[in-house]
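Taking it in order: structure first as structure tokens, then the write-up.
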Amino acid sequence: NCCSFPSTYIGFNVDEDKMAFELNKKPEGAKLTVEVTGNVDEDANFQPVDVGSATAVALDLNGVTAINSVGIREWIKWIKAFPPTVQLSVLNCPKIIVDQINMVSGFLPPATRIESFFVPYYADATGSEKMVLFTNGKEYKDGGVLDFPAEVKDDSGELMEMDVIEAKYFKFLKV
């Protein structure tokens with residue numbers, strides 16, 4: 001086909017790793033957890049989430065593997081449809097989601113609480129990479145006060161460094 005171009009994905013090479021988008025609801029009393037997995041793209045089927053009597057909704061984003069511009073647009077429409085009476089939070093945000101929170105106005109509604117997110121680390125000596133989970137109340141607090149882990153080591157015991165520009169990556173915590 002002469003005139004079709006693949007969508008640009010942020011995450012990885014999707015030709016090799018296309019993952020179907022899914023939303024899985026897990027009610028827990030007054031809280032509803034929605035696990036979001038797969039690629040957030042033009043094939044993602046963002047069905048409205050019936051929150052029922054839940055007063056809090058937690059979006060677990062650990063399984064999000066890639067996102068593109070069409071997916072971002074559909075995500076914003078979907079997330080705005082949650083009732084304003086529900087306290088929205090996100091947890092296990094992969095780097096690709098943190099990047100969108102930092103770059104895209106309205107990616108999360110203003111009152112959304114960020115419970116946890118991953119920070120990439122790298123060991124120069126071994127070339128190994130690791131994603132370290134930062135949790136609200138432990139490595140950071142609302143308002144952006146950061147308490148980095150004293151040290152992070154790879155599987156061989158080599159010290160690792162944070163593999164992001166702190167002023168840019170943690171920008172969303174200071175908003």
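The values are calculated or read from the model by the stated rules, or taken from the named source; none is laboratory data. This structure is a prediction, so every number in the text was calculated from the model and none was measured. Backbone-built Cβ (ideal geometry, glycine too); neighbour counts: all protein chains shown. Heads up: the accessible areas ignore ligands, DNA and RNA and are worked out on the full protein's heavy atoms, side chains in. Shrake-Rupley method; radii C 1.70, N 1.55, O 1.52, S 1.80 Å.
Here are a few things to note about the model shown:
- Residues in the range 44-61 that a label on Ala81 would reach, taking backbone N under 16 Å of a point 7 Å out along Cα→Cβ: 44-52
- Net charge dipole size for the chain [Lys, Arg +1 and Asp, Glu -1 on Cβ; Debye, nearest 20]: 900 debye
- Of the cross-linked pairs Lys130/Lys153; Lys141/Lys174; Lys138/Lys174; Lys26/Lys95; Lys31/Lys95; Lys141/Lys168, those separated by over 19 Å at the C-alpha level are Lys26/Lys95; Lys31/Lys95.
- Prolate/oblate/rounded call for the chain, Cα gyration tensor, a/c under 1.5 rounded: oblate
- Highest to lowest packing among 135-146, 63-74, 95-106, scored as the average C-beta count within 10 Å: 63-74, 95-106, 135-146
- Computed helical MRE - 222 nm, the chain, DSSP H runs ≥ 4 contributing -39500 (n - 2.57), nearest 500: -4000 deg cm²/dmol
- Taking amide H positions as modeled 1.01 Å from N, with prolines and chain starts lacking one, the residues under 5 Å from Tyr140 and 5 or more places away or on another chain are Thr135, Asp147.
- With an a/c value of 1.5 or above and a/b not larger than b/c for the gyration tensor axes a ≥ b ≥ c computed over the alpha-carbon atoms, the range 90-152 is described as oblate.
- Carbon/sulfur fraction of accessible area - the chain, other protein chains in place, 1.4 Å, %: 52 percent
- Tail beyond 16 Å, pair distance distribution of the range 126-170 (Cα, percent): 44 percent
- Placing unit charges on the Cβ atoms of the charged side chains and taking the dipole of the chain about its Cα centre, the candidate lying farthest along the positive direction among Val40, Thr112, Val164 is Thr112.
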